[in-house]
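Structure first, then comments.
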Amino acid sequence: MKFFVDTADIAAIRELNDLGMVDGVTTNPSLILKSGRDILEVTKEICEVVSGPVSAEVVATEAKDMIAEGLKLAKIAPNIAIKVPLTWAGLTACKAFASEGHMVNVTLCFSAAQAILAAKAGASFISPFVGRLDDINADGLELIDDIRTIYDNYDYKTEILAASIRNVNHITECAKIGADVITAPPAVIKSMASHVLTDKGLDQFLKDWAKTGQKIL
Ligand code: E4P
């Protein structure tokens, strides 16, 4: 399973990338706001750090304007994946971008029906939002499972990029289902290393080691 990091925070991207944990990056308008940076500048900087796909999102709502914005974003670097919302205009832009060989990430997917349309429009990635479905008492992981079944039934090549990942359980469940990619905030990826029994065990080992009076170095 590939890991994309869901942030525009360059320091956080570098830290995870140096450990080989980053296969790509996703951004959205809210993350650009949080970074306090200019979208073109920060996206260029991310593309200089990460060689995998870097999603940059259009903000127009009409297809022709989305296409103009997307083509500008795609000029930032060859590894840009143009991110479009799952609207009819977004699907129109997706088809246009895909026909010209651009990577496209179709975002804000909340149903299997939407995911079918994205695959047929040539999306490289479909981004179903797990956490936001859970927020409304729906089942985000069930959606990932449904899309996996449908894409496998028809051998669709679009990669399932599980988004709106909020916790470690989301990641392990997505891995079991067979999502191609997860995108998660840096803190969630780092929290995968934590386990209460690891902390407890290490604490005991260090206490016992101190009692031996020995040193390794
Ligand atoms: C990434 O592509 C999505 O925009 C992001 O995962 C959304 O996450 P959120 O629901 O936590 O804002």
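Can you name every residue in the stretch 106-139 that is over 20 Å from residue 84 (Cα atoms) and either within 11 Å of the ligand (Cβ to nearest atom) or in a helix (DSSP H, G or I) (or both)? Listed by number, the residues that qualify are 134, 135.
I'd like the residue in the stretch 169-185 that is out of contact with any strand residue (DSSP E or B) (no Cβ under 6 Å at 6 or more places or on another chain) and touching a residue at least 24 places away in the same chain (Cβ under 8 Å) and, out of all such residues, is nearest to the ligand (Cβ to nearest atom). Ranking the qualifying residues of the stretch 169-185, first place goes to 170. Look at residue 55 and say whether it is surrounded by fewer than 18 Cβ atoms within 10 Å (Cβ to Cβ) and of a type outside the set (A, V, I, L, M). No. Of all residue pairs spaced 6 or more apart or on separate chains, those with beta-carbon atoms under 7 Å, a first member in the stretch 134-157 that is in contact (Cβ under 8 Å) with a residue 24 or more places away in the chain and a second member that is outside any helix (DSSP H, G or I) and surrounded by fewer than 16 Cβ atoms within 10 Å (Cβ to Cβ) are 148/178. Among the residues of the stretch 149-194, the ones that are within 16 Å of residue 106 (Cβ to Cβ) and not in a loop (DSSP other than H, G, I, E, B) come to 9 in all.
With respect to the stated conditions, residue 139 is closer than 25 Å to residue 28 by Cα and more than 17 Å from the chain's Cα centre (by Cα).
If I filter the stretch 148-165 down to residues being β-branched (Val, Ile, Thr) and away from the ligand (no atom under 14 Å from the Cβ), which single residue comes out as surrounded by the most Cβ atoms within 10 Å (Cβ to Cβ)? Give the steps one after another, and end with the answer.
Here is the first cut: in the stretch 148-165, the residues β-branched (Val, Ile, Thr) are 149-150, 158, 160, 165.
Then keep just the ones that are away from the ligand (no atom under 14 Å from the Cβ); that gives 149-150, 158.
On the way: 149: 12, 150: 16, 158: 23.
For the stretch 148-165, the residue satisfying everything is 158.
Of all residues in the stretch 183-198, those that are surrounded by 10 or more Cβ atoms within 10 Å (Cβ to Cβ) and not basic (Lys, Arg) total 10. Do the conditions hold for residue 66, that is, is it at pLDDT 95 or above and either more than 16 Å from the chain's Cα centre (by Cα) or surrounded by fewer than 16 Cβ atoms within 10 Å (Cβ to Cβ) (or both)? When the stated conditions are applied, residue 66 passes them.
Here are some residues: 145, 180. Which one is surrounded by 12 or more Cβ atoms within 10 Å (Cβ to Cβ) and more than 26 Å from residue 70 (Cα to Cα)?
Details: 180 fails: more than 26 Å from residue 70 (Cα to Cα).
Going through 145, 180 in turn, the sole match is 145.
Of the candidates 19, 71, the single residue that is out of contact with any strand residue (DSSP E or B) (no Cβ under 9 Å at 6 or more places or on another chain), without any contact (Cβ under 8 Å) to a residue 60 or more places away in the chain and hydrophobic (A, V, I, L, M, F, W, C) is 19.
Among the residues of the stretch 87-105, just one is within 16 Å of the ligand (Cβ to nearest atom), under 18 Å from residue 60 (Cβ atoms) and surrounded by fewer than 24 Cβ atoms within 10 Å (Cβ to Cβ), namely 87. In the stretch 108-128, the residues that are closer than 15 Å to residue 161 by Cβ reach residues that are aromatic (Phe, Trp, Tyr) with C-beta atoms within less than 6 angstrom, at least six apart or across chains, in these pairs: 119/156.
The values are calculated or read from the model by the stated rules, or taken from the named source; none is laboratory data. It should be emphasised that the depicted structure is a prediction, and the values quoted were computed from it without experimental measurement. Here Cβ is always computed from backbone atoms with ideal geometry, including for glycine, and neighbour counts include all displayed protein chains.
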